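Engineer: Take this structure, written in structure tokens, and hold onto it; I'll ask about it next.
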Amino acid sequence: MVLEKHIPGQNGTSAHIALRNSITAAPNKTPTHEILLRHIDGVFADECDETFYVAHEDGRLISRLWMGFGKHKDAIGNWGYFFTDPDFRGQGIGGSVLKLWHEDFLSRSDLPLCFLCTTGSQRITEYYGK
């Protein structure tokens, strides 16, 4: 398994392929799938600084987390689209992806004015809060 960052717009990498495969292979596509594809492929790269933190193996996405914010002064950042394949849950892989994000986040000097995450689940809020 590989744990790495994907910068949208740097298409064709193994992380990009695993991210795309996870969306295009989804049996019941929703509008969220289409938005995710646009983020993954770098459609917003001119306006937004985006990063996906990805665990993958042999073209299969195992876990992902997205972070993005505008390239303008005093941007408001957001993160989410957190997902771990059900076959791999409970093994600490999602936690490793969150750790990769957190280390990258703390090392950056270009962070937005504030950073938000919204969720409808108290369980996810408690998990992210760690």
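The values are calculated or read from the model by the stated rules, or taken from the named source; none is laboratory data. All values reported here derive from a predicted model rather than from experimental measurement. All Cβ positions, glycine included, derive from the backbone under ideal geometry; neighbour counts span all protein chains shown. Please note that ligands, DNA and RNA were not included when accessible areas were found on the heavy atoms of the full protein model with its side chains. Shrake-Rupley method; radii C 1.70, N 1.55, O 1.52, S 1.80 Å.
Engineer: Whole percent per 5 Å bin, from 0 to the bin with the longest distance: what is P(r) over all C-alpha pairs of the chain?
Structural biologist: The percentages, shortest bin first, are 2, 10, 20, 24, 23, 15, 6, 1, 0.
Engineer: Name the shape class, rounded, prolate or oblate, that the alpha-carbon gyration tensor gives for the stretch 31-91, where a ≥ b ≥ c are the square roots of its eigenvalues, rounded holds for a/c under 1.5, and otherwise prolate holds if a/b is larger than b/c and oblate otherwise.
Structural biologist: Because a/c hits 1.5 or more and a/b exceeds b/c, the stretch 31-91 counts as prolate.
Engineer: Grab the beta carbon distance between Val43 and Val2, set R0 = 30 Å, and tell me the FRET efficiency rounded to 0.05.
Structural biologist: With R0 = 30 Å, the Cβ-Cβ based efficiency is 0.75.
Engineer: Between Ile76, His16, Gly90, whose Cα lies farthest towards the positive end of the dipole of the stretch 1-96 when Lys and Arg beta carbons carry +1 and Asp and Glu beta carbons carry -1, centred on the Cα centre?
Structural biologist: The residue sitting most towards the positive pole is Gly90.
Engineer: Moving on. Given a 1.4 angstrom probe, what's the average accessible area per residue across the chain, in square angstrom?
Structural biologist: 57
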